[in-house]
1. Got a sec? How would E273, E233, E282 order by Cβ neighbour count within 10 Å, fewest to most?
2. Around K52, which amide H atoms from residues at least 5 apart in sequence, or from another chain, sit under 5 Å from its own amide H, with H modelled in the peptide plane?
3. Return the FRET efficiency for the residue pair N147, R171: r is the Cβ-Cβ distance, R0 is 45 Å, and the value is rounded to the nearest 0.05.
4. Can you tell which of G97, G276, G182 shows the greatest fluctuation in a Gaussian network model of the chain with Cα springs below 10 Å?
5. Identify, among L163, Q145, V193, the residue whose Cα sits farthest towards the positive end of the charge dipole of the chain, taking +1 on the Cβ of Lys and Arg and -1 on the Cβ of Asp and Glu, with the dipole about the Cα centre.
6. Can you work out the Karplus-derived ³J(HN,Hα) for every residue in region 122-133? Use 6.51 cos²θ - 1.76 cosθ + 1.60 with θ = phi - 60°, whole Hz, and x for glycine or proline.
7. Helix-derived [θ] at 222 nm for the chain: sum -39500 (n - 2.57) over DSSP H runs of at least 4, divide by residue count, nearest 500?
8. Separation of region 249-285 and region 117-143 by C-alpha centroid, Å?
Amino acid sequence: MRINTLKKVNFEYAFLLLSLILTIAGVILVFNIFLGYQEKVYEKTFEFNGLKIEQNIYSDNAQKASRNVQNSIESALLELSLENKDSQISKLNNNAGKEWVEISSGVFSILSKSLEVCSKTDGIFDITVLPLFESYQKKIKTNGQLNREDLQDLKNFVGYKNLKLNQDVLRAKLLKEGAKVGLDLISSGSCCVLALNEYRKMGVQAGFIKVGNSAGVWGAKKKLDPFKFQIVEAPVDSRQTNNNDTAIIVNLYSGCISTKFASNETVLLTDKENFGSVAKNEIASATVIHENGTVSDALALACLAAGKDESFKLLSKFDAKGILVLKDKKILISQSIEKKSVEVANNYFLIEQEN
C-alpha cells in the first residue's frame, strides 16, 4: 500500500513538472509572437582595395564562414586588380597577342560569365573596353577629346571576340596585342558569388553579403524575413542637394542584386555608329536582380548604356529582373517583381515594365 502511494505521488509530481514546462514554453512562444523572435546574427565589416564589405551570418559556425569569405574575396580582388602587376588579369593583358595564360577556377568563372553577357547583349556590355576607357581618361585630363583617327585605331583592340577561353585546361588568351580586359566594374557582384558559394559549402543557415553597391543572399532566416537592399537615385557623395532619401527598398530573399549609377560610371558605347561616345540617357541608376552577381553587375552597366527602352529586352535574355530609377523620379520595374516586395518613397512614381 505504501509503494502504491509513492508511485501515485511520483506520477503527480511528474505531471505537475510537465505542465509547468509546457506553460513556460507557451509563454515563451507568446512573447516571441508578440515581441518578435530575434535570431542570433554574426555581423562583420571590413574594407579591401577601396571596397566596403559587410556580412550578416546566421549560423553556429558564422565566424569561420566569415573568415573564409574574407580570405576568398581578398584573394579574388588581388587576381582581378589591374594595379597588381602579378594578377592573373594583368598577366592576361600583358600577354595579349602572344600566348595563353593559366587562370584559376574562380577567375575563369568570372571571365566566362562576363563573356556570356557580352555575347547576349551584342557587345553593349564589353569587358575589352579598357583600351578605349584608358584613352578617354587621358584625353579628359588634358581637356582633349578622342578624334576620328584615335577611335579608328582603338576599334582594333576593343571587341569581346578578341577574348578566347579554354575551359578544358582553364586558360585564357587575348588575340590582338594591345587588347585588354578590365573586370573592376563587375568585381563587387563577383565577390558576392564567391561569398554565397562559401556560405553554401559551410552549411550556413542564412547569409547576407554586401560588397560596394552589390549584395547577395544565401539561405533563409527562421522567420523567413527578407534582407533589405536600399536603392538611391545617385550615390550620396555625388549629390548636389541635401536630399538623401532612399528611392526604393527591395526585399531580397535569394540571389544577387547590383546597382550602377549614371553619375558614378563613365559608360562608353562600343557599337559602330556611337563608338567612343559616353552613354547619356534618362536613367539615374540601374539595379538588376539575378542569381549570379557577375551577371547582375554586368547587366546593370548594360542598362546604363542601352537606355530605358532597351534595358528590359536585355534583361529578358537572362531571366533577370530590373529596377530603373529615372532622373524625373519615375521608377520602372520588371513585371516579375511583386509590388509587395518593394517599398517606394513617396516622391517617386512606380511603373511596371514587361520583360
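1. Details: E273 6, E233 22, E282 14.
In order of increasing Cβ crowding within 10 Å: E273, E282, E233.
2. G212
3. 0.75
4. Answer for the Gaussian network model of the chain: G97.
5. V193
6. 6, x, 4, 9, 9, 7, 9, 6, 4, x, 5, 5
7. Values: 9 runs with 134 residues, N = 355.
After summing the helix terms and dividing by residue count, I get -12500 deg cm²/dmol.
8. Between the Cα centres of region 249-285 and region 117-143 lies a distance of 13 Å.
Read the figures in this text as sums done on the coordinates, not as results from a lab. Keep in mind that this is a model prediction, so the values were computed, not measured. All Cβ positions, glycine included, derive from the backbone under ideal geometry; neighbour counts span all protein chains shown.
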